[in-house]
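Here is the structure we will look at.
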Amino acid sequence: MRIGLFTDTYPPYINGVSTSVFSLKQALEKAGHQVFLVTVNPDNMKYKYEENGKIIKLPGVPVRIYDYRLTGIYPIRVINKIKKWKLDVIHSHTEFGVGTFARLIAKQLNIPLVHTYHTMYEDYVHYITKGYFKKSSKKLVEYLTKFYCDTTANELIVPTKKTWDLFKEKYKMNKNIYIIPSGMNLERFYKEKINAEELKTIRKKINVNKSDFILLFVGRIGKEKNIEFLLDCHKDLKKTIHNLKLIIVGDGPEKEEIENKVKKDKLDGVIFTGMVPWNQIQNYYALSDIFVTASTTETQGLTVIEAMAAGTVPVCINDDSFKLTVIDDLNGRIFKNKKEYKNIITDLYLDRDKLNKLSNQASINAELHSSRHYADSVLLVYKNAINNKKNKTNFIKKLFSTNKNN
């Protein structure tokens, strides 16, 4: 099969979508398929061709939301290049920018379009509106999302039941929606793959010891991630767990505000690493005991799966985005409030046997989210999209022919 992946974000830029697309591309190629990619050039306003023309990077402009860039430039030479790919199916991973290009190409070349909805945009409106026009902005986001996902896409994929509910119950979308959790290349997170010397260097760099009990958060430092919750709990936990450390990996618009809170509250043992290179992130999971998140805005939470693959026990807030991954008291823990969170952390600190059991089960269950499993599931959707498109075209031809004869 000849498959075109269209995405606004791709490595070396690190986030859940870029990780998902990269893993899918690798798994599809490993299965013998031809994979082509259209994305944004994160470095400058130039066109870039890689992998013998199988990757096209379009000029993109910053949108002032983290490091995202969007493109609206679709020249004839790029369209002609994509025509020569002779794609069987297009799989878009963004609603705007390159996603718009995917929709135009699919329509112009009559190629079936599969779309994966990765981001709960309603949770991010505040970055654009700064608190103004919140209600009308969410309505606009709903309209645009429904237009792209329902009107233009032949088949729709979502990563969790939470996202499925958004489309079926709130948006009242009447079409097939496939729940397929995003897959990942998990091998680099395995304990046996970790370089001991690199781990030693990082421990020294961020000043943590093997005797420390380490909590880890990985993600954007933004309001929607609810990092203040973790800091408030850390202050109380530190009173009884003196060797407790909280490592915060990432960057974002609220970083300065969060750092100021740490200083104001005189919190001890909170470490900010900033952005960590993609090929180093596995080391931070490896040196941590527990991965923590209080975010309720995830569509799936790929960092939770990374943590599980590393054997780092996930402790997550009670949110639908984690329920397909984390089973409470089997491969991780789920909390509803600050009291439960603090009790769980204290309990796992005191009971290392339980911590180890959860760790082992987390590693086992992470395999359900391997890139191979993900690719196999997505391929079935591609086949449905191609067959449904073919049947619809044949029906229209037959109808046209009947009307012509009459």
Accessible-area ranking of Asp376, Asp353, largest first, probe 1.4 Å: Asp353, Asp376
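Around Leu113, what is the net charge, scoring Lys/Arg as +1 and Asp/Glu as -1 over all other residues with Cβ under 11 Å from its Cβ? Before the final figure, lay out the partial values.
Details: positive: Arg103, Lys107, Lys389; negative: Glu155.
So the surrounding residues net to +2.
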Part-to-part distance (alpha-carbon centres) for the stretch 317-357 and the stretch 87-105, which is given in Å: 39 Å
Accessible surface of the chain [probe 1.4 Å, protein heavy atoms]: carbon and sulfur percent: 51 percent
Helical mean residue ellipticity (222 nm; -39500 (n - 2.57) per DSSP H run of 4+; nearest 500) of the chain: -13000 deg cm²/dmol
Counted charge near Leu231, where neighbours are those whose Cβ lies closer than 15 Å (Asp, Glu -1; Lys, Arg +1): +4
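Plugging the Kirkwood radius over Cα pairs into Stokes-Einstein for the stretch 198-280, at a temperature of 20 °C and a viscosity of 1.002 mPa s, what D comes out in µm²/s?
For the chosen part, D equals 161 µm²/s.
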Per residue, in Å², the accessible surface of the chain once ligands and nucleic acids are set aside, probe 1.4 Å: 49 Å²
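The values are calculated or read from the model by the stated rules, or taken from the named source; none is laboratory data. Computed from a predicted structure; not experimentally measured. Backbone-built Cβ (ideal geometry, glycine too); neighbour counts: all protein chains shown. Accessible surface is based on the protein model in full, side chains and every heavy atom, while ligands, DNA and RNA are left aside. Shrake-Rupley method; radii C 1.70, N 1.55, O 1.52, S 1.80 Å.
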